[in-house]
Amino acid sequence: MKKSVFLGTAAAATLLAGMGMAQEGSTLAQVKERGELNCGVNTGLVGFAAPDASGNWTGFDVAFCRALAAAVLGDPAKVKFVPTTGQTRFTALSSGEVDVLARNSTWTYSRDTDLKLDFIGVNYYDGQGFMVRSDLGVTSAKELDGATICIQTGTTTELNLADYFRANNMTYTPVNIDSNAEGEQQYMAGACDAYTTDASGLAATRAAFADPETHIILPEIISKEPLGPAVRHGDSNWGDIARWTLNALIAAEEYGVTSRNIEELVRSSENPEVQRLLGTTDELGAMMGLDAEWARRAILAGGNYGEIFAANIGEQTPIGLARGLNAQWTQGGLLYAPPFR
């Protein structure tokens, strides 16, 4: 997954010159008036965000966009997916072209402060890795000294790569690319010995190959990449809506609320947390300008977090990702939603 470099430089200031922050309450009003959520996503990464031949978008990040649209507009189909690259995604959000960015982007200090973004939570804990052809004969990233490496420009992977090779007294030649599609093409054409990005992105890319078994993802993870959706600074209510939509999906899995049993639980659950989550008591939605059933609709849109994970990137999909750190905190992972009270 692709991230913008750790900007604390004049480049970040230039990027945001003349761009205002969102005004309190304005985003929700604009989305409702427009009748459509503008969601910034990847240009095409199988399992996370990709259109099919008919232009229908699916994926892990797409599911969050649909859940947010369901919560706010009552319909998960009322989303306009706006493809963004590693270079354009933050500009699209800052300029107001998109209302929310759900594009496997790493939460970093400079993006939160210098770029005036609010990350509303972590929806995938990841780390940067390397993919090589099995016939290269390499089994460790520490054997890549002198290699040519495909890497997306404008991403945190650039700095991570430089740091890792410097720390291990190795050299490399970068092959700069603008998108995952270009990276895949260059890598398959033999323009680089290795392709580096987030490990989940490598798994998604390899799954799309005609011969995935001839490519290996090396064992080293050289960085921590907490990925999550982001909104603009300045509209805390919109940030709350996006944040608690994500929390609702995570909490639903913890409490055993699924897209299949949710209607039954609305009628019968005696768990106070579930009752508040599903809007049968307390009407928490009113605190954000939404109705009582906002979280119920978000969960129905594509299921709880676990259902979304399993359907798009889980072990039974071609991508084949295990939950790992993305398991619930009760299962030894880092996934955790604050209480609904």
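The convex hull of the Cα atoms of the stretch 126-223, projected and averaged over all directions, covers 5.4 nm². In loop segments of the stretch 240-323 as defined by DSSP, the trypsin sites (Lys or Arg not before Pro) with at most 15 further C-beta atoms inside 10 Å of their C-beta are R260. Using θ = phi - 60° in the Karplus curve 6.51 cos²θ - 1.76 cosθ + 1.60, the 3J(HN,Hα) couplings for the stretch 264-274 round to 5, 5, 4, 7, 10, 5, 10, 7, x, 5, 5 Hz; x is entered for Gly and Pro.
Subtracting the Cα-Cα distance of E24 and A310 from their residue separation scaled by 0.36 nm leaves 99.4 nm. Return the percentage of antiparallel bridges among DSSP beta bridges fully within the chain, rounded to the nearest 5 %. Counting only bridges with both partners in the chain, antiparallel ones make up about 55 percent.
Taking a probe of 1.4 Å, how large is the accessible area per residue of the chain, in Å²?
Details: 13860 Å² over 341 residues.
Accessible surface, normalised per residue, equals 41 Å².
Suppose R0 equals 41 Å. What FRET efficiency, 1/(1 + (r/R0)^6) with r the Cβ-Cβ distance, do E143 and Y109 give to the nearest 0.05?
Details: r = 32 Å, r/R0 = 0.78.
Working from the Cβ atoms, E equals 0.80.
Reducing the stretch 123-193 and the stretch 225-256 to their Cα centroids gives an inter-centroid distance of 31 Å. The trypsin sites (Lys or Arg not before Pro) found in the stretch 127-225 that occupy coil by DSSP, while having at most 15 further C-beta atoms within 10 Å, are K224.
Over the alpha-carbon set of the stretch 249-341, divide Rg by the Kirkwood Rh and report the Rg/Rh ratio to two decimals.
On the way: Rg = 13.9 Å, Rh = 13.8 Å.
The Rg/Rh ratio comes out at 1.00.
Amide H contacts of Q152: I177, each under 5 Å away and 5 or more positions distant or on a separate chain (H built 1.01 Å from N in the peptide plane; Pro and chain starts excluded).
Length available on full extension from D211 to S134: 0.36 nm per residue minus the Cα-Cα distance, which gives 26.6 nm.
Looking at the stretch 126-223, the DSSP beta bridges with both ends there are about 50 percent antiparallel. Among the GluC sites (Glu not before Pro) in the stretch 262-317, those located in a DSSP loop and surrounded by at most 16 other Cβ atoms within 10 Å of their own Cβ are E270, E283, E315. Among the DSSP helices (H) of the chain, those spanning at least 18 angstrom by Cα along their long axis with an average Kyte-Doolittle hydropathy of -1.0 or more are 60-73, 236-255; this is a geometric and hydropathy rule only. In order along the stretch 217-231, the Karplus-derived 3J(HN,Hα) couplings, from 6.51 cos²θ - 1.76 cosθ + 1.60 at θ = phi - 60°, round to 9, 5, x, 6, 10, 9, 7, 10, 10, x, 9, x, x, 9, 10 Hz, and Gly and Pro are given as x. With the full set of protein chains in place, find how many percent of the accessible area of the chain is carbon and sulfur; take the probe as 1.4 Å. With neighbouring chains kept in place, the figure for the chain is 51 percent.
Under 5 Å between amide hydrogens, built in the peptide plane, is the criterion, and for D118 it picks out V231, R232, H233 among residues at least 5 positions away or on other chains. Left without a cysteine partner by the 4.7 Å Cβ rule in the chain: not a single residue. Rounded to the nearest 20, the Cβ-based charge dipole of the stretch 183-341 about its Cα centre (Lys and Arg +1, Asp and Glu -1) stands at 220 debye. Remark on T43: its backbone amide H falls under 5 Å from those of T84, a criterion applied only to residues 5 or more positions apart or on other chains, H modelled at 1.01 Å from N.
If you wrap the chain in the convex hull of its Cα atoms and look at it from every side, the mean projected area works out to 17.2 nm².
Using the Karplus relation 6.51 cos²θ - 1.76 cosθ + 1.60 with θ = phi - 60°, the per-residue 3J(HN,Hα) values for the stretch 168-174 come to 9, 6, 10, 10, 7, 10, x Hz, with x marking Gly and Pro.
The values are calculated or read from the model by the stated rules, or taken from the named source; none is laboratory data. In this text, all values refer to a predicted model and were calculated from it rather than measured experimentally. Every residue, glycine among them, receives a Cβ derived from its backbone with ideal geometry; neighbour counts consider all protein chains shown. For the accessible areas, the whole protein counts, side chains as well, though only heavy atoms, and no ligand, DNA or RNA atoms are used. Shrake-Rupley method; radii C 1.70, N 1.55, O 1.52, S 1.80 Å.
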